[in-house]
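Here, each number is a calculation from the coordinates, and none is a lab measurement. These numbers come from a predicted model, not from an experiment. Backbone-built Cβ (ideal geometry, glycine too); neighbour counts: all protein chains shown.
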Amino acid sequence: MHVIDFHTHLLIKEMLTPTHLTFLEKTNPKFFSRIGEYAENPRIFADYLKGQGVSYAVVLPEYAPATSTFVPTEEVIAYCKGQEMLLPFASLNPNTHPDPASKLEYYVKECGVKGLKLLPSYQFFYPNESRMYPMYAVAQELGIPVLLHIGSSVFRGTRLKYCAPIHLDDVAVDFPDLTIVMAHSGRGFWYEECFFLSRLHPNVYMEISGLPPANLLKYFPDLERNADKVIFGSDWPPMPTDVGKNIAGIMDLPIGDGAKEAILYGNAHRIFFGD
């Protein structure tokens, strides 16, 4: 079965906060010992993904120096260049970028960026603030998905109030043709809200990075009923297992093969490449 990983990170040691470094070293020491090699050579990462059974992978920058990471979009664009299986996203911070909508348009049209990553609880904004709407308008017009961090975090300084999923209801209503993807699907205490929003709005999806596959049916008992709105992501490398083990965990779930294919590949493929 083909797999698209909707959530991987380019991590550059010098650009991580001390909290992020400590967490990464503890969670994935095997990667941490080679962090420089992975950051400098995208071929190593691409080969790793292929060995894990991944066909395409989103690579995320993170413009959140106050809480987690400062890896600019330009680093990810350069990293993914020439690697067909690596899909670069942009990360824009409304508190630091003077005209993020124009910057996003430039990244997509001139640099081949495939989507936008926003981190409300790390970057300190509510997703339904009016100042965010020009960015959403650009993303909707250009047909790219917006991936938002919706869930808990271990990083010091995080403000969870900003990523409560209810704020996305306004965005989904006001931008009905914008693909909205909830990274982590409310990890911690918003599982029901994320499930409900993805059922209510045709343009809202759940993305399950950071969630142990074995627990998915505990968090979402009706997961199979919503399989067309669920997207696989690993959150690699700050995770304690290999990507392939998470894929195997999805395959082991007592749900139909069609649901597994939709979660691991079909839904993301439709977002990026059409039906």
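Hey, for a label at residue 19 modelled as a point 7 Å past Cα toward Cβ, could you say which residues of the stretch 146-163 have their backbone N under 14 Å away?
Backbone N within reach: 152-162.
From largest to smallest, what semi-axes in whole angstrom does the stretch 4-273 give when each is the square root of 5 times an eigenvalue of its alpha carbon gyration tensor? Show your work: numbers first, answer last.
On the way: eigenvalues 111, 110, 68 Å².
Largest first, the stretch 4-273 gives 24, 23, 18 Å.
What nm distance separates the two modelled labels at residue 273 and residue 96, each placed 7 Å from Cα along Cα→Cβ?
In this crude label model, residue 273 to residue 96 measures out at 3.4 nm.
In whole Å, how far is the Cα centre of the stretch 34-62 from that of the stretch 208-235?
About 23 Å separates the Cα centre of the stretch 34-62 from the one of the stretch 208-235.
Using only helices, what value at 222 nm comes out for the chain when you add -39,500 (n - 2.57) per DSSP H run of length 4 or more and divide by the total residues, to the nearest 500 deg cm²/dmol?
It lands at -10000 deg cm²/dmol.
Using DSSP, restrict attention to beta bridges with both residues in the chain and report what percent are antiparallel, rounded to the nearest 5.
Working: 4 of 28 bridges.
Within the chain, antiparallel bridges account for around 15 percent of the total.
So, in Å, what gap is there between the alpha-carbon centers of the stretch 1-33 and the stretch 90-111?
Spelled out, the Cα-based centre of one part sits 24 Å from the other.
Which is farthest toward the positive dipole end of the chain among 175, 143, 11, measuring Cα position about the Cα centre, with Cβ charges +1 (Lys, Arg) and -1 (Asp, Glu)?
11
Starting from 0.36 nm per residue, how many nanometres of slack lie between residue 189 and residue 129 once their C-alpha separation is accounted for? Write out the running numbers ahead of the final one.
Working: separation 60, 0.36 × 60 = 21.60 nm, distance 2.29 nm.
Using 0.36 nm per residue and subtracting the Cα-Cα distance, I get 19.3 nm.
Assuming R0 = 30 Å, what is the FRET efficiency of residue 222 and residue 174, from their Cβ-Cβ distance, to the nearest 0.05? Don't jump to the answer; show the numbers that get you there.
Details: r = 27 Å, r/R0 = 0.91.
So, using R0 = 30 Å, E works out to roughly 0.65.
Taking +1 at the Cβ of each Lys and Arg and -1 at the Cβ of each Asp and Glu, which of 78, 36, 184 sits farthest along the dipole of the chain towards its positive end, judged by Cα position relative to the Cα centre?
The Cα lying farthest towards the positive end belongs to 36.
Take peptides 216-225, 237-246 and line them up by average Cβ neighbours within 10 Å, highest first, as a rough protection proxy.
Details: 216-225: 15.6, 237-246: 18.7.
The peptides rank, most packed first, as 237-246, 216-225.
Which pairs, out of 26/117; 81/161; 103/161; 114/260; 13/103, put more than 29 Å between their alpha-carbon atoms? Walk me through the numbers on the way to the answer.
Details: 26/117 25 Å; 81/161 36 Å; 103/161 27 Å; 114/260 24 Å; 13/103 26 Å.
Violating the 29 Å limit, Cα to Cα: 81/161.
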